[in-house]
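The values are calculated or read from the model by the stated rules, or taken from the named source; none is laboratory data. This structure is a prediction, so every number in the text was calculated from the model and none was measured. Every residue, glycine as well, gets a Cβ built from its backbone with ideal geometry; the counts of neighbours run over all protein chains shown.
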Amino acid sequence: MAPPAQSQRSPSPSQPSGKSEVSDLKSQLRQLAGSRAPGVDDSKRDLFKKVISYMTIGIDVSALFGEMVMCSATSDIVLKKMCYLYVGNYAKVNPDLALLTINFLQKDCQDQDPMIRGLALRSLCSLRVANLVEYLVGPLGLGLKDSNSYVRMVAVIGVLKLYHISASTCIDADFPVILKNLMITDSDTQVVANCLSALQEIWSAEASTSEEASREREGLLSKPIVYFLLNKIREFNEWAQCLVLELAAKYVPSDNNDIFDIMNLLEDRLQHANGAVVLATIKVFLHLTLSMTDVHQQVYERIKAPLLTLVSSGSPEQSYAVLSHLHLLVMRAPFIFSSDYKHFYCQYNEPSYVKKLKLEMLTAVANESNTYEIVTELCEYAANVDIPIARESIRAVGKIALQQYDVNAIVDRLLQFLEMEKDYVTAEALVLVKDLLRKYPQWSHDCIAVVGNISSKNVQEPKAKAALIWMLGEYSQDMQDAPYILEGLIESWDEEHSAEVRLHLLTAVMKCFFKRPPETQKALGAALAAGLADFHQDVHDRALFYYRLLQHNVSVAERVVNPPKQAVSVFADTQSSEIKDRIFDEFNSLSVVYQKPSYMFTDKEHRGPFEFSEELGNLSIAGESADNVVSAQRVEANDKDLLLSTSEKEEAKISTGNDSAYSAPMYDASSVLVTASQTLMEPAISNPTLPGQATQAILAIDDLLGLGIPAAPAPPPPPPQLKLHTRAVLDPATFQQKWRQLPVALSQEYSLSPQGIAALTAPQALLRHMQGHSIQCIASGGQSPNFKFFFFAQKAEEPSNYLVECIINSSSAKAQMKIKADDQSTSQAFSDIFQSALSKFGVP
Amino acid sequence: MPVAASAIYFLNLRGDVLINRLYRDDVGGNMVDAFRMHIMQTKELGTCPVRQIGGCSFFYMRISNVYIVIVVSSNANVACAFKFVVEAVNLFKSYFGGAFDEDAIRNNFVLIYELLDEIMDFGYPQNLSPEILKLYITQEGVRSPFSSKPSDKPVPNATLQVTGAVGWRREGLVYKKNEVFLDIVESVNLLMSSKGSVLRCDVTGKILMKCFLSGMPDLKLGLNDKIGLEKESQLKSRPAKSGKTIELDDVTFHQCVNLTRFNSEKTVSFVPPDGEFELMKYRITEGVNLPFRVLPTIKELGRTRMEVNVKVKSVFGAKMFALGVVIKIPVPKQTAKTSFQVTSGRAKYNAAIDCLVWKIRKFPGQTEPTLSAEVELISTMTEKKSWTRPPIQMEFQVPMFTASGLRVRFLKVWEKSGYNTVEWVRYITKAGSYEIRC
């Protein structure tokens, strides 16, 4: 998924091709270079403007480098700026030419005009040419000591730039130490703020390799520094205030007085006109008071008004960012906005991304007292012109119904939707009614009466059709026409494109058969015959399975296909609380908008495997018809649910796109109850070993077939001494594939030694250690206290792999491991090796 | 880290780069291609202002006919990034003199490059205050203020201002006539159900000021808000004067307002920036006076005819009047013919937005003009598909009226030279999103 690194886009016909113009400019610049005639600056300026405008539209004007540099000897500041811009743009690709500019830039760094000193220094640091760094150190050192704050401000960021070009040069010149002093002593607040930005970046990057840097990074969070900055906060500009507040949010207060001091100091920041400052302040308040439940609740009360203001002021994009945060907060404390629900009513002209979040807010804040109003309002949107929003609002009504105890009124509303006779409304409502019946079977009578009136011809969407068929099967004894409707559907079997619908049809007709055998027998025969001839593997297999079951014993078949079901009490939550806490830790950042912790989207190592899975999703979209996509994605989602850890489940859900978003809870295999009541999964009850493999469908087809072969009952031979390959290799794609296919061989929790925890300041530290024990890491991520690793190892003699997922929580000193192995018999032996390696971590 | 933007792009609606600035190397060569391919050329455009492509996140905003895109590779602060874009646009506007669009960018690209260099360095926001930047980045591109008069000594002063603390005001300003203009601008948002009950109603107000004052004046503003009045009566230990007091739900202030003093004494005191600025913003949900009531009756007579009657009642004082009143009454797409009768203003059918547009230029208080229209529809084959009625929308401005009832009680100006000032106060209420379902 890496964005295509395309070269400069080819100029369109309307734009000059560039070549002749460039040579024109070249000669003109040459003429002007040496001239000292009056007015020459003006003509230079025009030429420079032309050059810059060509550069902007993507024409390569690097050929003019020499001439531009020659012309740069001027006292005109605008000319200088244009020249600096040009040089900064092309120096990286022309390192040899960049050398030409060093001379005049260095000279400008000593100009008597501080503006020119600053600009030259900034350009010098922006050249980004590694072999020129030696020329940077001197001017930077002088710049940091400059009497003018503009120059110092530029120099501080210059140090950071130098660090990114050559970290060692920057460290060797002791720049971080100078910055640290500057941060405490400088009179100019922007210099101080830039020092803080630079130091945070440098020390965070250094922390993984140098203990000193990691200590320094912690030092930024020490009481004197934090207090020093907070006390000056009013002098900083708004952006620098955000920076300081972000730092303060990470500060660990020593006692309660500390907390109240900071909150008193910052209270007025909640009234700042800049929304970013307000949000940053809110983060400080929330994080400081985490340990004090009462105060934490008061904080929610206090921040409510400013947050609601932020939602309604500013551009829709800003509202979107704020609403994402409100959504996070409301998930943690649903009561805070329950009386302010009217703020989340949608306006007609709002963009759909804002409306969508508002609908989510309305769902989240609904409680006994406001449900009626909220549902009434949501019903208004169901008739909305914007169809996606109309669908979302119907789903919202359904969600509210599933989370409330008193659902009378809501069920009526849903049933009214069914009578609205709009295809998409009916479709959404059917899916909801099905879920509702699974939770409140007592409503079946009312619902079935209405559902029975719906002609299956008016329902085209696979999800809705599947839901309708499920209800036909489940409640066939109450619906007069059920067998005949099913029969009609079976007759048009070949026209049904969605495999999901066909699967449901098979199961429904089976259920119907057990309840009303004489009427259904013919339909069942037809369905099984059609199923056996089906080209889709799943459908074929299920038909065959039912056929054999029936052949074996009809009453057993009934127990398998249509066992008594319990009502679902709680639908599985799609997001683990651990993840939610992680997102909360990263309040006021992208994590909140994406609703996933940052390591999932910023960590390059971690992103690796997922790119693969995303591509897979895209492939299926491209390759198959729309109907199949749904099932393919669903199967994939199932797969991940079973095999991947909770954190990745999120990723999987998101990657499967909107189609499966609302069905997510019902396919969540983490709740057997849910799975069992899903018609797909009925075999689960009679044979507990089946469901894992059965759902893996396409990808794990080998396992499924493997079932047919009687498993070897002989006990495994005693494992020989396990030797690991010292230089094992496995590419991420293979890892990902294996991780999906293999079952979990071992799952263990293990305590870490205190030394190990102490040494675990960053993921990298553990990686090197494990490498020493022939266990390689393929992906890692996280920040203290939660780290996550994927390791692998290979047997020394044969290409047999061990895959490990290891989640370490450094505050509880626990490590959770899941081990998968090609050769399951040796997984225990491998686990021992792994644990012994882990236990040695941090022990000198 | 608040933003650490890796790059910023300005694109026109076709996706051509007008201007770009790469601040960091951590994003791939030409990110703009990714943006074009994955957002601009897909249905994604406009569905979400934050998108992740590859390892980078894109924040984008459309402002007139320009897309502004910020690219980041880290877990950036979204609110800060959008605010930065908004502020940057304000800055550009103050340089261009109003408009910000494709042409303005093309005509001023050198200037924008200069500004982009100053407002952000290596991805970190620096100084975005127009007052200060204008000191050393001028449209004509004259030499920097530091060197223009080397013999003079504004250097320490100017540098402090360039980078620093009292960012909003320069010393040594002189005006012949010292004037202050204060505008209270409220926009009232309403959502009314088809049964005539108010579903949601609030007012967002702002106080805009224009100051032409010499020296370093200290200003103090008194409003008839509840907290301020209560505090005052406490301090002066006498009962609060009777009369309407307003409860503000939430207030935010310009950075010049001394917030500590606001919190302790509940007075708004400040040293104003020179020229135009927004002093404060507030929000009110209780006790809002709606300036207009709209009473629609829409009857669908069979499949091809509709009867629309709308009565609009102005409920503010009879001496006041509203300006630029526009009422948009939605009609179905298949409208063929319309005929109107209005007791005031003019109405016409606008097919582009499927609305009857009724305009009344001057709308006195305590009146109730009506519109009655007959709409003929083309009969369509699709039966039973009932028309989903969008809400009626209304635009207006009512001068000298505040929906919240907020009033300025006093505006005091102190300056050590003790000059006299002239203060001008205006009120105006505008329609925010004023929607009436029917």
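A quick yes/no check of all residues on (1) under 30 Å from the mean Cα position of the chain (by Cα); (2) surrounded by fewer than 18 Cβ atoms within 10 Å (Cβ to Cβ):
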site	(1), (2)
A:His769	yes, no
A:Ser774	no, yes
A:Ala793	yes, no
A:Glu797	no, yes
A:Ser800	no, yes
A:Lys814	yes, yes
A:Met817	yes, no
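Could you check region A:26-58 and list, in sequence order, the residues that are of a type in the set (D, E, K, R) and without any contact (Cβ under 8 Å) to a residue 24 or more places away in the chain?
Taking region A:26-58 first, the residues of a type in the set (D, E, K, R) are A:26, A:30, A:36, A:41-42, A:44-46, A:49-50.
Answer for region A:26-58, where residues must be of a type in the set (D, E, K, R) and without any contact (Cβ under 8 Å) to a residue 24 or more places away in the chain: A:Arg36, A:Asp42, A:Asp46.
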Meets criteria (within 14 Å of another protein chain (Cβ to nearest Cβ), of a type in the set (Lys, Arg) and in a strand (DSSP E or B)) for B:Lys328: yes
Yes/no for A:Ala198 being in contact (Cβ under 8 Å) with a residue 60 or more places away in the chain and more than 28 Å from A:Leu100 (Cα to Cα): no
Lone qualifier among B:Arg361, B:Arg283, B:Arg389 - being in a strand (DSSP E or B) and out of contact with any helix residue (DSSP H, G or I) (no Cβ under 9 Å at 6 or more places or on another chain): B:Arg361
Pairs where the first residue, in region B:333-344, is in the same structural domain as B:Thr388 (by TED's automatic domain parsing) and the second is among the small types (Gly, Ala, Ser) and surrounded by 12 or more Cβ atoms within 10 Å (Cβ to Cβ), C-beta under 7 Å, 6+ apart: B:Thr338/B:Ala373; B:Ser339/B:Ala373; B:Phe340/B:Ala347; B:Phe340/B:Ala373; B:Gln341/B:Ser372
Answer residue from region A:297-320, given it is more than 7 Å from chain B (Cβ to nearest Cβ) and among the hydroxyl-bearing types (Ser, Thr, Tyr) and is surrounded by the fewest Cβ atoms within 10 Å (Cβ to Cβ) among those: A:Tyr300
Conditions (1) within 14 Å of chain B (Cβ to nearest Cβ); (2) over 22 Å from A:Ile583 (Cα atoms); (3) in contact (Cβ under 8 Å) with a residue 24 or more places away in the chain; (4) surrounded by fewer than 19 Cβ atoms within 10 Å (Cβ to Cβ): number failed by A:Leu266: (4)
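Inside region A:371-439, counting only helices (runs of 4 or more DSSP H) that do not spill past its ends, which hold 2 or more residues that are at negative phi and touching a Lys or Arg at 6+ places or on another chain (Cβ under 7 Å)? Don't jump to the end; show me each part of the working.
On the way: elements: A:371-382, A:387-403, A:408-418, A:423-439.
Of the helices (runs of 4 or more DSSP H) lying wholly inside region A:371-439, those with at least 2 residues that are at negative phi and touching a Lys or Arg at 6+ places or on another chain (Cβ under 7 Å) span A:371-382, A:387-403, A:423-439.
Among the residues of region A:473-489, which ones are within 43 Å of the chain's Cα centre (by Cα) and either more than 18 Å from A:Leu437 (Cβ to Cβ) or part of a helix (DSSP H, G or I) (or both)? Explain how you work it out, then say what you get.
From region A:473-489, those within 43 Å of the chain's Cα centre (by Cα) are A:473-476, A:486, A:489; that's our starting set.
Hits for region A:473-489 are A:Gly473, A:Glu474, A:Leu486, A:Leu489.
Residues are listed down the side, and each one gets a yes or a no for (1) touching a residue at least 40 places away in the same chain (Cβ under 8 Å); (2) more than 10 Å from every other protein chain (Cβ to nearest Cβ); (3) acidic (Asp, Glu):
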| site | (1), (2), (3) |
| --- | --- |
| B:Tyr175 | no, yes, no |
| B:Glu179 | yes, yes, yes |
| B:Asp183 | yes, yes, yes |
| B:Val188 | yes, yes, no |
| B:Leu191 | yes, no, no |
| B:Gly205 | yes, yes, no |
| B:Leu208 | yes, yes, no |
Filter result for A:Ser123 (within 30 Å of A:Lys180 (Cβ to Cβ) and touching a Phe, Trp or Tyr at 6+ places or on another chain (Cβ under 8 Å)): yes
Residue within region A:235-249 that is within 13 Å of chain B (Cβ to nearest Cβ), in contact (Cβ under 8 Å) with a residue 60 or more places away in the chain and among the acidic types (Asp, Glu) present: yes
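Just need a number here: residues in region A:52-81 that are among the hydrophobic types (A, V, I, L, M, F, W, C) and either within 14 Å of chain B (Cβ to nearest Cβ) or surrounded by fewer than 20 Cβ atoms within 10 Å (Cβ to Cβ) (or both).
Restricting attention to region A:52-81, the residues satisfying the condition of being among the hydrophobic types (A, V, I, L, M, F, W, C) are A:52, A:55, A:57, A:59, A:61, A:63-65, A:68-71, A:73, A:77-79.
With either within 14 Å of chain B (Cβ to nearest Cβ) or surrounded by fewer than 20 Cβ atoms within 10 Å (Cβ to Cβ) (or both) added as a condition, the list becomes A:52, A:55, A:57, A:59, A:63, A:70, A:73, A:77-79.
Result for region A:52-81: 10.
Can you name the helices (runs of 4 or more DSSP H) wholly within region A:734-844 that have at least 1 residues being at pLDDT 75 or above and farther than 25 Å from A:Thr602 by Cβ? Full working, then the answer.
Numbers: elements: A:754-759, A:763-771, A:827-839.
Here the list reads A:827-839.
Filter region A:36-51 for residues that are modelled with pLDDT under 80 and part of a helix (DSSP H, G or I); which is farthest from the other protein chains (Cβ to nearest Cβ)? Lay out the reasoning, then the answer.
Here is the first cut: in region A:36-51, the ones modelled with pLDDT under 80 are A:36-42.
With the extra rule that they be part of a helix (DSSP H, G or I), the set shrinks to A:40-42.
Values: A:Val40: 16, A:Asp41: 10, A:Asp42: 11 Å.
Ranking the qualifying residues of region A:36-51, first place goes to A:Val40.
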Any chance B:Phe82 is in contact with a Ser or Thr (Cβ under 8 Å, 6 or more places away or on another chain), touching a residue at least 24 places away in the same chain (Cβ under 8 Å), within 7 Å of chain A (Cβ to nearest Cβ) and surrounded by 18 or more Cβ atoms within 10 Å (Cβ to Cβ): yes
Index of the failed condition, A:Ser149 passing every other in (1) surrounded by fewer than 24 Cβ atoms within 10 Å (Cβ to Cβ); (2) under 19 Å from A:Gln190 (Cβ atoms); (3) in contact with a Pro (Cβ under 8 Å, 6 or more places away or on another chain): (3)
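From the list A:Leu196, A:Leu221, A:Leu182, which residue is within 22 Å of A:Met263 (Cβ to Cβ) and buried (at least 20 other Cβ atoms within 10 Å of the Cβ)? Give the steps one after another, and end with the answer.
Details: A:Leu221 fails: buried (at least 20 other Cβ atoms within 10 Å of the Cβ); A:Leu182 fails: within 22 Å of A:Met263 (Cβ to Cβ).
From the options A:Leu196, A:Leu221, A:Leu182, the qualifying one is A:Leu196.
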Residue among A:Val433, A:Val365 that is buried (at least 20 other Cβ atoms within 10 Å of the Cβ), within 29 Å of the chain's Cα centre (by Cα), at pLDDT 85 or above and away from chain B (no Cβ under 11 Å): A:Val365
Conditions (1) more than 7 Å from chain B (Cβ to nearest Cβ); (2) surrounded by fewer than 20 Cβ atoms within 10 Å (Cβ to Cβ); (3) not basic (Lys, Arg); number of the one not met by A:Ser352: (1)
Members of region A:130-175 found to be in contact (Cβ under 8 Å) with a residue 40 or more places away in the chain and hydroxyl-bearing (Ser, Thr, Tyr), listed by number: A:Ser149, A:Tyr163
Which numbered condition B:Pro272 fails, given (1) within 12 Å of another protein chain (Cβ to nearest Cβ); (2) in contact (Cβ under 8 Å) with a residue 40 or more places away in the chain; (3) surrounded by 20 or more Cβ atoms within 10 Å (Cβ to Cβ): (1)
When residues of region B:284-311 are limited to those that are surrounded by 14 or more Cβ atoms within 10 Å (Cβ to Cβ), under 14 Å from B:Arg389 (Cβ atoms) and touching an Asp or Glu at 6+ places or on another chain (Cβ under 9 Å), the one modelled with the highest pLDDT: B:Val308
Helices (runs of 4 or more DSSP H) contained entirely in region A:63-133, each with at least 2 residues that are among the acidic types (Asp, Glu): A:95-108
